[in-house]
Amino acid sequence: MEKENRARAHVARLDLSTAQVAVLDGQAHTARALWNLLHEYFTFRQGRFATVKECDEAIRAARKQIDWMGQLPAQAAQAVLKAYRQAWANYLNPDHRARRPAFKTRRFRMAVDVPQARDLQIKRLNRRWGAINLPKVGRVRFRWTKDLPGVVKGGASGRVTGARLVKDAFGWQIIFRTEIPHAVPASHRGERVGIDRGVTVALALSDATTREHGPWLSGGERERLRRLEKKAARQRASHRRGEPRSQRISRTYGQIARLRATAKRRAIDWQHQTTTELAGTFGVIVVEDLRVINMVRSVKGAAQAPGRNVAQKAGLNRAISEQAWGRTVTLLAYKATDRGGQVVKVPAAGTSQTCHRCGHRDPAARVSQAVFSCTSPACGWIGNADHNAAINIENAAGTAVSGRGDFGVTRSVKRQPPYAA
């Protein structure tokens, strides 16, 4: 059977001492500073971009001349340069739709790369723990929750190619980059389905079913978050600009960050479970080609031309961001491919304003968030707005703008409505 190597990631929690946390924090701050120095050197070099060789020579010179630059391992510094160049490649590639590289502030996620797997020297200690070597940090234990390929004799096949250390509200984690041999699957025999992503209903399917979830935080957790945010606002009001931040407000920010990180973890867990079920059930999954980054832009405007309905738009932006529509499609894409299926993206224009039965398009037909009422005298279909949009998305598969999978897409036929009024 034909096989191919597929890149996958595995996240594990690190068990660090206070001294080791301080070392990793210093490396992450150095990596951010190096990114900013590279950006200044690359973009403000007498009207021309610097070459890779010039950037590499500048990094080597800086590591010799600036003492604190030595905190960052040499391989991690080269990884910063590689990531910076890739950011420009993504920006210049119209298919990636990435933002232009910019300076990084302290709000950016703290991270350090370990590009070469041989530096890690991974070893399993017991059923619950493993150990690795981190450059300039030493031997560190990590939580063993899944067999890493090529580490244990007789275990999973494949290999670890590198790792990335990332810090969130709960501390430092390691993300192992792996390559796993995977048998090329046969074409998925499941049906085609269209999916409409929404805010009120997370995922509405063209087969008249939905995939929904409750609040990511419990009632008590939401109340605690509200109180902490009010407390942080009071502490900010008493803080003078230019003065160092007090330990009290830092502790409040940390408590807020942990609650939000808890909500994010629960959201990702739900997305993984839901996308796994969808990829295993359907052979072709059709979604809208949405530019989410444009949809969540602020409408605040400027002092001379202030925007309208700013608060309502800000609330909608938060709701869209919490749903993480882009991550849902990313998870669906690789899981469908692993199972011989395909994710197809189609143009988003008009899917929520068009009647799937007669094809009549009218913005006024969207009576409310949940109800669609066709305004064509010859039709007059009334039904669920989300399912109507999902059927339109499925029927648009013949005009796909992109696809990912192992087989082609044929133009679909009109489906019968899931129900009629």
Based on what the data block shows, is residue 262 in contact (Cβ under 8 Å) with a residue 40 or more places away in the chain, of a type in the set (S, T, N, Q) and closer than 25 Å to residue 214 by Cα? yes
Residue under question is residue 154, and the condition is that it be crowded, with 17+ Cβ neighbours inside 10 Å, at positive phi, at pLDDT below 90 and out of contact with any helix residue (DSSP H, G or I) (no Cβ under 8 Å at 6 or more places or on another chain); does it hold? no
Residue set 104, 64; condition among the basic types (Lys, Arg) and assigned to a helix (DSSP H, G or I); output residue 64
Under 23 Å from residue 161 (Cα atoms) and touching a residue at least 60 places away in the same chain (Cβ under 8 Å): does that describe residue 86? no
Quick one: which helices (runs of 4 or more DSSP H) sit completely within the stretch 287-361 and have at least 2 residues that are surrounded by 13 or more Cβ atoms within 10 Å (Cβ to Cβ) and not β-branched (Val, Ile, Thr)? 310-323, 325-338
Selection over the stretch 186-219 where residues are part of a loop (DSSP other than H, G, I, E, B) and in contact with an Asp or Glu (Cβ under 7 Å, 6 or more places away or on another chain) yields a count of 5
Within the stretch 2-31, of all residues that are touching a Ser or Thr at 6+ places or on another chain (Cβ under 8 Å) and of a type in the set (A, V, I, L, M, F, W, C), the one modelled with the highest pLDDT is 12
Among the residues in the stretch 83-94, are any surrounded by fewer than 16 Cβ atoms within 10 Å (Cβ to Cβ), at pLDDT 90 or above and assigned to a strand (DSSP E or B)? no
Every listed condition ((1) under 20 Å from residue 200 (Cα atoms); (2) small (Gly, Ala, Ser); (3) modelled with pLDDT under 85) holds for residue 397 save (1)
Take residue 80 and tell me if it is of a type in the set (A, V, I, L, M), surrounded by 13 or more Cβ atoms within 10 Å (Cβ to Cβ) and either assigned by TED's automatic domain parsing to the domain that holds residue 143 or touching a residue at least 60 places away in the same chain (Cβ under 8 Å) (or both). no
Given (1) part of a helix (DSSP H, G or I); (2) in contact (Cβ under 8 Å) with a residue 24 or more places away in the chain; (3) not small (Gly, Ala, Ser), residue 99 misses just (1)
Identify all residues within the stretch 362-381 that are surrounded by fewer than 16 Cβ atoms within 10 Å (Cβ to Cβ) and either closer than 17 Å to residue 205 by Cα or under 31 Å from the mean Cα position of the chain (by Cα) (or both); write none if there are none. 368, 369, 370, 371
Subset of the stretch 314-354, residues among the basic types (Lys, Arg) and touching a residue at least 24 places away in the same chain (Cβ under 8 Å), comes to 327, 335, 339, 345
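The values are calculated or read from the model by the stated rules, or taken from the named source; none is laboratory data. Just so you know, these numbers come straight off a predicted model, no measurement behind them. Counting neighbours? That spans all protein chains shown, and the Cβs are built from the backbone with ideal geometry, glycine included.
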